[in-house]
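Participant: Got a structure for you, written out below as structure tokens; questions coming shortly.
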Amino acid sequence: MSQKEITANAVFADPPFAQSLFNSPKWAWLWLLARLYVGYTWLSSGLGKLSNPGWTQTGEALKGFWERAVAIPDAPARPMIAFDWYRAFLQLMIDAGAYTWFAKLIFVGEILIGVVLILGLFTGIAAFFGGFMNWNFMMAGTASTNPLLFTISILLILGWKTAGWWGLDRFVLPALGTPWQPGKIFGRKAA
């Protein structure tokens with residue numbers, strides 16, 4: 001058997017349970033629970049920042065977080081950030097004064113991610129951006145609920161086809177489609 005034939009035959013199917021979990025609407029109730037939990041967490045976090053001028057006006061709240069994250073302790077304790085390149089990135093953001101606009105980006109992003117996850121609109125994309133924010137918070141040394149939210153976000157990304165079934169994705173995705181399969185409004189012909 002040639003290498004080309006071996007490679008062509010090396011396609012593996014997902015286990016039946018994974019196929020069902022990530023592709024069948026019968027599991028939409030599970031994705032709804034995960035989506036609502038993550039969405040509510042993001043929404044409440046973003047709304048909590050709305051009344052804090054340190055987030056909405058000056059960015060001082062974010063600056064303080066970044067400064068604590070980049071600080072290297074005098075004691076032999078481990079610093080919050082384990083990767084020097086990420087510490088350098090945050091220090092660059094502090095030095096550039098980026099916290100003034102980035103704080104607004106964070107709380108607006110949290111609110112938007114929360115709303116669209118709760119509504120089940122573009123669930124996979126919203127979960128990606130939520131997971132990306134969780135990853136950045138973890139890189140800055142904050143554990144809290146970020147590892148759990150990151151994990152659930154990864155699962156929501158994997159289950160994107162059914163995670164929004166009980167939500168707006170059920171109607172929006174068939175209409176818009178995907179980049180590789182245009183929807184009804186972009187001329188997809190009925191099967």
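The values are calculated or read from the model by the stated rules, or taken from the named source; none is laboratory data. Because the structure is a prediction, the values reported are computed rather than measured. Using ideal geometry, Cβ is built from the backbone for each residue, glycine included, and neighbour counts are taken over all protein chains shown.
Participant: Going residue by residue through the range 22-30, is there one that turns out to be loosely packed, with under 12 Cβ neighbours inside 10 Å, part of a helix (DSSP H, G or I) and free of Cβ contacts under 8 Å to residues at least 60 places away in the same chain?
Facilitator: Looking for residues that are loosely packed, with under 12 Cβ neighbours inside 10 Å, part of a helix (DSSP H, G or I) and free of Cβ contacts under 8 Å to residues at least 60 places away in the same chain, one finds at least one in the range 22-30, hence yes.
Participant: Can you confirm whether T100 is within 18 Å of S44 (Cβ to Cβ), surrounded by fewer than 20 Cβ atoms within 10 Å (Cβ to Cβ), of a type in the set (S, T, N, Q) and touching a Ser or Thr at 6+ places or on another chain (Cβ under 8 Å)?
Facilitator: When the stated conditions are applied, T100 does not pass them.
Participant: Pull up the range 146-180, narrow it to residues that are without any contact (Cβ under 8 Å) to a residue 40 or more places away in the chain and of a type in the set (S, T, Y), then point me to the one that is surrounded by the most Cβ atoms within 10 Å (Cβ to Cβ).
Facilitator: Taking the candidates together, the pick is T151.
Participant: Also, I was wondering about something else. For the range 130-145, give me each residue that is surrounded by 19 or more Cβ atoms within 10 Å (Cβ to Cβ), among the hydrophobic types (A, V, I, L, M, F, W, C) and part of a helix (DSSP H, G or I).
Facilitator: M133, F137, M139
Participant: Would you mind stating whether F122 is closer than 26 Å to G177 by Cβ, touching a Gly at 6+ places or on another chain (Cβ under 8 Å) and aromatic (F, W, Y)?
Facilitator: Yes, satisfied.
Participant: Additional query: Just to be sure, is A88 without any contact (Cβ under 8 Å) to a residue 40 or more places away in the chain and either crowded, with 18+ Cβ neighbours inside 10 Å or over 14 Å from the mean Cα position of the chain (by Cα) (or both)?
Facilitator: Spelling it out, A88 is indeed without any contact (Cβ under 8 Å) to a residue 40 or more places away in the chain and either crowded, with 18+ Cβ neighbours inside 10 Å or over 14 Å from the mean Cα position of the chain (by Cα) (or both).
Participant: Within the range 114-134, is there a residue that is of a type in the set (S, T, N, Q), closer than 21 Å to W31 by Cβ and without any contact (Cβ under 8 Å) to a residue 40 or more places away in the chain?
Facilitator: The answer is yes; a qualifying residue exists.
Participant: Could you check I106 against (1) closer than 19 Å to S45 by Cα; (2) touching a helix residue (DSSP H, G or I) at 6+ places or on another chain (Cβ under 6 Å); (3) buried (at least 20 other Cβ atoms within 10 Å of the Cβ) and say which number it fails?
Facilitator: I106 satisfies all of (1) closer than 19 Å to S45 by Cα; (2) touching a helix residue (DSSP H, G or I) at 6+ places or on another chain (Cβ under 6 Å); (3) buried (at least 20 other Cβ atoms within 10 Å of the Cβ) except (2).
Participant: Can you go through G131, G120 and tell me which one is within 22 Å of W160 (Cβ to Cβ), small (G, A, S), modelled with pLDDT of 95 or more and in contact with an Asp or Glu (Cβ under 8 Å, 6 or more places away or on another chain)?
Facilitator: Within the list G131, G120, the selection yields G120.
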